[in-house]
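Read the structure below first, then the notes.
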Amino acid sequence: METKKTIILTALALMPMLSQAQLLKGHLNGAERIPEDALVTYSPDGNMFNNQMKELTFGQNGTFSYDTELTASEGDIVIEIDGIGYFGAHLVKGKTVEMTIAKGKNGAWEATFKGEQPKTSLFVNQYTQSFDMMKYWSPDPSEGKPIAEYRRMLDEEYNKVCKLLPTLKDKQQRDYYTRLTEAQYSWLKIRLIMDSCENDKTDYKLNSEYQQLVKGVDINDPVNVQTNMAYTALNSLGKVPQDAGFGPQCEELMALSDKHVTNPALRTFLVQMIGQSFFVYGKGEGDAEAFIKKYTEWAGKDSLIAKSQVEQFRIMQKSMEGTAAGTKAPDITLNKRDGSQVQLSDIVGHGKFTYIDVWATWCGPCVKEIPFVEKLVEKFKDNPKVQFISISVDQNVQAWEKKLDNDKPQWAQYILTPENNQIFSKDWGITGIPRFIMIDQEGNIFSGDATRPSEPKTEETILGEIGK
C-alpha cells in the first residue's frame with residue numbers, strides 16, 4: 001500500500017511530456033479558490049512506471065487545458081485536483097474533449113463532457129472514481145473502515161461502472177472496457193483480501209477467494225498487465241515464504257518470469273518492480289553484489305533500466321557510508337508549522353539523545369507507527385535526556401496540518417520543503433519511508449537507519465543510551 005503513490009510521484013515525475021494538438025479543454029466551475037496542486041497522469045502502455053505526469057494549471061476563471069502526444073489513436077488520462085478529487089477522460093488523437101467540473105445536486109464534484117466521444121469520457125471518469133484504490137484504504141488506520149464495508153462499497157461502485165458499459169456503442173471499445181472493468185474489480189478484491197489477511201495475520205495465498213480470483217488468469221494478457229492482475233497471478237505461483245526476505249523472493253520472480261512470461265511489457269514491468277523491491281524496499285539486503293550480477297544479466301533488453309536502478313543503489317550506499325555511526329549528523333533547514341525555520345543542528349545534540357521519525361501523511365506504514373511514537377513520548381516525557389521529533393516530507397502542507405490538528409501530537413513536528421527534502425534524502429540515503437534516525441547526545445549519528453518505534457529494540461536502545 002505504501003508503494004503505489006510513492007513510486008508514481010518519485011520514480012516517474014521526471015518523465016518528459018511531448019506536445020501536439022490541444023486534446024482537452026476544461027473548466028472548474030464554482031471552486032472557492034484556484035487549486036494550487038493538480039496533476040494529469042497519462043499511461044502510454046498501462047505500466048505505472050512509465051506514467052507521464054504533468055502539472056495542471058488553471059486560469060483565474062477556472063479554465064485549464066492539457067496536451068500530450070498519444071502513443072495510440074486514443075488514450076485515457078487521470079486528473080487529480082487537490083481538495084476536489086479524481087477525474088478521468090478519454091482522449092482521441094487530433095480531436096478535442098471539453099470537460100466541465102462542477103458541484104452536482106448532492107454537493108459532490110462531478111464531471112460532464114462535450115466534444116469527441118463524450119460518453120466514453122463519462123465512462124472513463126466513472127471507472128477512475130469507482131476504482132480509485134485510495135477509496136478502499138486509508139493511510140491512517142483511525143480513519144479506515146472495516147474490510148466488509150470496503151467490500152460493500154466496491155460492489156456498489158462496480159455496479160455503477162457496469163451500468164455505463166452499454167452506453168459505449170463501439171463494440172471493440174465496449175469489449176475492451178468490459179475486460180478492463182472485470183480485471184480491475186478482481187484486483188481490488190484481492191487487495192482487500194490481502195489487507196484482511198494482514199489484519200488476521202494469515203497467509204493471503206491460502207485464502208480460498210484469492211486462489212479462485214487468480215486461477216486461470218492469463219498472465220500475458222495486456223489488460224491483466226495493465227490492472228496488476230498479471231503480476232498478482234505470477235506472484236501467486238511463488239513458493240518462497242514472505243519472511244524469507246527480498247532477495248529470495250526477487251530471484252524466484254525472475255525464474256517464474258523466464259518460465260511463464262512472453263509479454264514484453266510485463267517483463268519490463270517485472271524488471272522495474274524487482275529492482276524497486278530489492279534496492280529500495282529491501283535496501284540491498286543480503287549479498288547485494290551477487291544479486292546485482294544475476295539481476296543485470298536477467299534484465300536482458302531492459303538492462304538500461306536495471307543499470308539505472310543499480311546506479312541509484314550505489315548512490316544510496318555512498319550516502320549511507322556518509323551517515324555511519326559516530327559521524328556528525330548532516331544539517332538541514334526544517335520548517336515549523338508557523339512558517340519559521342530552524343536548523344537540525346540547533347535541535348539535536350546538546351546533551352539529548354534524539355529519535356527522529358521521517359514520515360508523510362500518505363504513507364500507510366508511517367501512520368501506523370505514529371501511535372508507537374506516541375507511547376515512547378509518553379514513557380519518556382519526564383526524562384530530559386531524550387527527545388523525539390517528527391520530520392514530514394509531505395508536499396501537501398495542508399494535509400500535514402490537518403493530520404496534526406486531528407492527532408495533536410505532544411512532540412516537535414517539522415516539515416521539509418521539496419528542495420530541502422531532496423538534500424535531506426540524499427544526505428541520509430533515504431529511498432523510502434518510514435525512516436527512523438537516532439542521534440546521540442553530541443549531535444553525532446547513532447543510527448542512520450534505526451529500528452521502528454513498534455519494535456521493542458527501540459525502547460531498549462534508548463534506555464541503554466540515556467542510562468549511561
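The values are calculated or read from the model by the stated rules, or taken from the named source; none is laboratory data. In this text the structure is predicted, and so the values were computed from the model without any measurement. Glycine also receives a Cβ, built like all others from the backbone with ideal geometry; neighbour counts cover every protein chain displayed. These accessible areas exclude ligands, DNA and RNA; they are computed on the full protein's heavy atoms, side chains included. Shrake-Rupley method; radii C 1.70, N 1.55, O 1.52, S 1.80 Å.
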Query raised in the report: Going through segment 87-110 one residue at a time, which ones are crowded, with 19+ Cβ neighbours inside 10 Å and either out of contact with any helix residue (DSSP H, G or I) (no Cβ under 9 Å at 6 or more places or on another chain) or of a type in the set (S, T, Y) (or both)?
Result: I101, W109
Report summary line: Among helices (runs of 4 or more DSSP H) completely within segment 157-232, the ones holding 2 or more residues that are under 22 Å from I274 (Cα atoms) are 171-200, 222-226
Query raised in the report: Somewhere in segment 173-180, is a residue in contact with an Asp or Glu (Cβ under 6 Å, 6 or more places away or on another chain) and either open to solvent by less than 50 Å² (accessible area, probe 1.4 Å) or at pLDDT below 95 (or both)?
Result: no
Report task. Evaluate segment 68-76: report whether one residue or more is assigned to a loop (DSSP other than H, G, I, E, B) and either farther than 29 Å from Q309 by Cα or at pLDDT 95 or above (or both). Result -> yes
Query raised in the report: Among the residues of segment 347-356, is any within 26 Å of E459 (Cα to Cα), charged (D, E, K, R) and surrounded by fewer than 14 Cβ atoms within 10 Å (Cβ to Cβ)?
Result: no
Requested in this report: Please verify whether segment 206-227 includes one or more residues that are open to solvent by less than 20 Å² (accessible area, probe 1.4 Å) and small (G, A, S).
Outcome: no
Requested in this report: Scan segment 144-163 and give yes if some residue there is within 30 Å of R33 (Cα to Cα) and open to solvent by 30 Å² or more (accessible area, probe 1.4 Å), otherwise no.
Outcome: yes
**Report entry** Criterion (under 30 Å from G349 (Cα atoms) and crowded, with 17+ Cβ neighbours inside 10 Å) met by exactly one of K283, K318, K328
**Finding:** K283
Query raised in the report: When segment 434-468 is examined, which residues are found to be open to solvent by 20 Å² or more (accessible area, probe 1.4 Å), touching a Phe, Trp or Tyr at 6+ places or on another chain (Cβ under 8 Å) and either assigned to a loop (DSSP other than H, G, I, E, B) or acidic (D, E) (or both)?
Result: D440, Q441, D449, T451, R452, S454, E465
Query raised in the report: Which residue, of A102, A72, is more than 26 Å from the chain's Cα centre (by Cα) and within 30 Å of L270 (Cβ to Cβ)?
Result: A72
Query raised in the report: Filter segment 398-414 for residues that are polar (S, T, N, Q) and either open to solvent by 70 Å² or more (accessible area, probe 1.4 Å) or in contact with a Pro (Cβ under 8 Å, 6 or more places away or on another chain) (or both); which is modelled with the highest pLDDT?
Result: Q410
Query raised in the report: How many residues, within segment 111-125, are surrounded by 21 or more Cβ atoms within 10 Å (Cβ to Cβ) and either hydrophobic (A, V, I, L, M, F, W, C) or touching a helix residue (DSSP H, G or I) at 6+ places or on another chain (Cβ under 8 Å) (or both)?
Result: 5
Requested in this report: Please enumerate the residues belonging to segment 373-387 that are under 26 Å from the mean Cα position of the chain (by Cα) and either of a type in the set (K, R) or under 26 Å from E442 (Cβ atoms) (or both).
Outcome: V373
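Condition check ((1) among the acidic types (D, E); (2) part of a loop (DSSP other than H, G, I, E, B); (3) surrounded by fewer than 19 Cβ atoms within 10 Å (Cβ to Cβ); (4) at pLDDT 90 or above) across all residues:
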residue: L9; (1), (2), (3), (4): no, no, yes, no
residue: L14; (1), (2), (3), (4): no, yes, yes, no
residue: M17; (1), (2), (3), (4): no, yes, yes, no
residue: L23; (1), (2), (3), (4): no, no, no, yes
residue: R33; (1), (2), (3), (4): no, yes, yes, no
residue: E36; (1), (2), (3), (4): yes, yes, yes, no
residue: T57; (1), (2), (3), (4): no, yes, yes, yes
residue: F64; (1), (2), (3), (4): no, no, no, yes
**Report entry** Complete set of residues in segment 384-395 that are more than 10 Å from T417 (Cα to Cα) and either in contact (Cβ under 8 Å) with a residue 40 or more places away in the chain or not aromatic (F, W, Y) (or both)
**Finding:** P384, K385, V386, Q387, I389, S390, I391
Query raised in the report: Is at least one residue of segment 293-314 under 25 Å from the mean Cα position of the chain (by Cα), touching a residue at least 60 places away in the same chain (Cβ under 8 Å) and in a helix (DSSP H, G or I)?
Result: yes
Report task. Please work out if Q387 is buried (at least 17 other Cβ atoms within 10 Å of the Cβ) and modelled with pLDDT of 95 or more. Result -> yes
Report task. Within segment 85-103, identify whether any single residue is small (G, A, S), at pLDDT 90 or above and within 22 Å of L165 (Cα to Cα), and answer yes or no. Result -> yes
Query raised in the report: From the list T120, T128, which one is under 16 Å from L180 (Cβ atoms), modelled with pLDDT of 95 or more and under 20 Å from the mean Cα position of the chain (by Cα)?
Result: T128
